[in-house]
1. Filter region A:23-56 for residues that are of a type in the set (S, T, N, Q) and not in a helix (DSSP H, G or I); which is nearest to B:Leu69 (Cα to Cα)?
2. So for region A:114-128 (the condition being modelled with pLDDT of 90 or more and closer than 23 Å to B:Asp61 by Cβ), does at least one residue qualify?
3. Name the residues in region B:16-52 that are touching a helix residue (DSSP H, G or I) at 6+ places or on another chain (Cβ under 6 Å) and hydrophobic (A, V, I, L, M, F, W, C), would you?
4. When you look at A:Arg94, is it modelled with pLDDT of 95 or more, over 18 Å from the mean Cα position of the chain (by Cα) and exposed (fewer than 14 other Cβ atoms within 10 Å of the Cβ), yes or no?
5. Looking at B:Thr96, B:Thr56, can you tell me which residue is out of contact with any Phe, Trp or Tyr (no Cβ under 6 Å at 6 or more places or on another chain), within 9 Å of another protein chain (Cβ to nearest Cβ) and free of Cβ contacts under 8 Å to residues at least 60 places away in the same chain?
6. Examine region B:69-85 for a residue that is of a type outside the set (A, V, I, L, M), over 27 Å from B:Leu99 (Cβ atoms) and assigned by TED's automatic domain parsing to the domain that holds B:Leu99, and state whether such a residue exists.
7. Going by the conditions given, is B:Gly37 without any contact (Cβ under 8 Å) to a residue 24 or more places away in the chain, surrounded by 12 or more Cβ atoms within 10 Å (Cβ to Cβ) and more than 17 Å from A:Gly109 (Cα to Cα)?
8. Given the criteria surrounded by 17 or more Cβ atoms within 10 Å (Cβ to Cβ), at the interface with chain A (Cβ under 9 Å from one of its Cβ atoms) and not β-branched (Val, Ile, Thr), does B:Leu71 qualify?
There are 2 protein chains.
Amino acid sequence: MIRDALQGVRRFEAFRTGLGIAHNVLADRLTRLCAAGILERRRYQRKPDRYEYLLTGKGRDLWPVVMSLLLWGDKYLAPDGPPVLVLHRGCGGRLTPALTCGDCRVPLGPHNVEVTSARPTFRETAGGSAEQEEPNPGP
Amino acid sequence: MIRDALQGVRRFEAFRTGLGIAHNVLADRLTRLCAAGILERRRYQRKPDRYEYLLTGKGRDLWPVVMSLLLWGDKYLAPDGPPVLVLHRGCGGRLTPALTCGDCRVPLGPHNVEVTSARPTFRETAGGSAEQEEPNPGP
C-alpha cells in the first residue's frame with residue numbers, strides 16, 4: 001500500500017484495484033495509515049465529497065525501507081526475475097540496496113559498522129563505571 | 001529478532017533476554033525463520049545437545065531493510081533521540097538511509113527513479129500493442 005502510494009497512487013479505487021483487497025479492509029488500512037501520520041486525507045471534489053490520500057514527509061521517508069525490501073524480494077523470492085526494475089532517470093542505472101556512510105560514502109554492512117548506545121546509561125550519568133553493559137557484543 | 005541476529009545474537013537465551021518474549025513465542029519464530037531460510041540451526045554442544053541460530057546469506061541481506069527501518073524510526077518515533085548509533089568503523093561517520101544508483105552512485109528517491117515492468121506483457125509478446133498498460137503512471 002505504501003509502495004503504491006510511493007508510485008503515485010492516491011485514490012481509493014486505484015488502491016483497491018492495485019491491491020485486490022476488500023473495500024472494508026482498504027478503508028481500515030487507510031484510516032490507520034492516516035492516524036499514523038503516513039498518509040493524509042485531502043478532499044479533491046465537493047458534492048459529492050471525494051477524498052484522496054497523499055503521503056506525508058514521514059510516509060515518503062519510508063521509500064528506502066520499501067525499496068530495500070523490494071530488492072531483497074527480487075533477489076530471493078523471484079525465481080523468474082524481478083517483476084519491476086527501479087532505474088535512475090539520470091543515467092539508467094539500477095537502484096542498489098547498499099546503504100552508505102553519510103561522511104565518506106563507503107557502502108556499509110554488518111562487517112564494517114559499530115552499533116553503539118546513543119544515550120548515557122544511568123551509571124554513566126552517575127559518574128561512570130566499569131560495570132556498564134557493552135552496547136553491542138560482537139558475534 | 002533479525003536485528004538482534006544481525007548484531008551477533010545466536011543463542012536462545014540471548015534472543016529471549018533481548019526481546020523479552022515468551023519461550024514458546026520465541027521457539028515458534030525461530031522455527032519459522034529457519035523454514036524461511038533466514039536463519040539456520042546449528043548444534044554447538046553435545047550431551048545435552050544445544051543449538052544456535054545463524055543468519056544465512058538471505059538473512060544477512062536483510063541488513064539494509066532493517067537498518068533503513070531503524071533510521072526511519074530514529075527520525076519519526078524517537079523524540080528523545082535515537083537509542084543507538086550505527087557508525088562506520090572506518091571514519092566514524094553515521095549510516096544514512098539514502099539508497100543509490102548502482103552505476104553513478106547518486107542518491108535516489110521517488111523523484112529521480114522510474115519504475116518499469118521488467119517482463120514483457122502478454123500483448124508485447126504477441127507482437128506489441130498501444131493498449132498495454134503503463135507500468136508506472138506518475139502522480
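The values are calculated or read from the model by the stated rules, or taken from the named source; none is laboratory data. All values reported here derive from a predicted model rather than from experimental measurement. Cβ: placed from backbone, ideal geometry, glycine included. Neighbour counts: every protein chain shown.
1. From region A:23-56, those of a type in the set (S, T, N, Q) are A:24, A:31, A:45, A:56; that's our starting set.
If we keep only those that are not in a helix (DSSP H, G or I) as well, we get A:45, A:56.
Working: A:Gln45: 35, A:Thr56: 17 Å.
My answer is A:Thr56.
2. Yes: region A:114-128 contains one or more residues that are modelled with pLDDT of 90 or more and closer than 23 Å to B:Asp61 by Cβ.
3. At the first step, the residues of region B:16-52 found to be touching a helix residue (DSSP H, G or I) at 6+ places or on another chain (Cβ under 6 Å) are B:16, B:18, B:26, B:37-39, B:41.
Once the filter is applied, which keeps residues that are touching a helix residue (DSSP H, G or I) at 6+ places or on another chain (Cβ under 6 Å) and hydrophobic (A, V, I, L, M, F, W, C), region B:16-52 yields B:Leu26, B:Ile38, B:Leu39.
4. Here the answer is no, as A:Arg94 does not meet what is asked.
5. Working: B:Thr56 fails: within 9 Å of another protein chain (Cβ to nearest Cβ).
One residue alone meets the criteria, B:Thr96.
6. Yes, there is a match, as at least one residue in region B:69-85 is of a type outside the set (A, V, I, L, M), over 27 Å from B:Leu99 (Cβ atoms) and assigned by TED's automatic domain parsing to the domain that holds B:Leu99.
7. Details: without any contact (Cβ under 8 Å) to a residue 24 or more places away in the chain: yes; surrounded by 12 or more Cβ atoms within 10 Å (Cβ to Cβ): yes; more than 17 Å from A:Gly109 (Cα to Cα): yes.
Yes: the conditions hold for B:Gly37.
8. On the way: surrounded by 17 or more Cβ atoms within 10 Å (Cβ to Cβ): yes; at the interface with chain A (Cβ under 9 Å from one of its Cβ atoms): yes; not β-branched (Val, Ile, Thr): yes.
Spelling it out, B:Leu71 is indeed surrounded by 17 or more Cβ atoms within 10 Å (Cβ to Cβ), at the interface with chain A (Cβ under 9 Å from one of its Cβ atoms) and not β-branched (Val, Ile, Thr).
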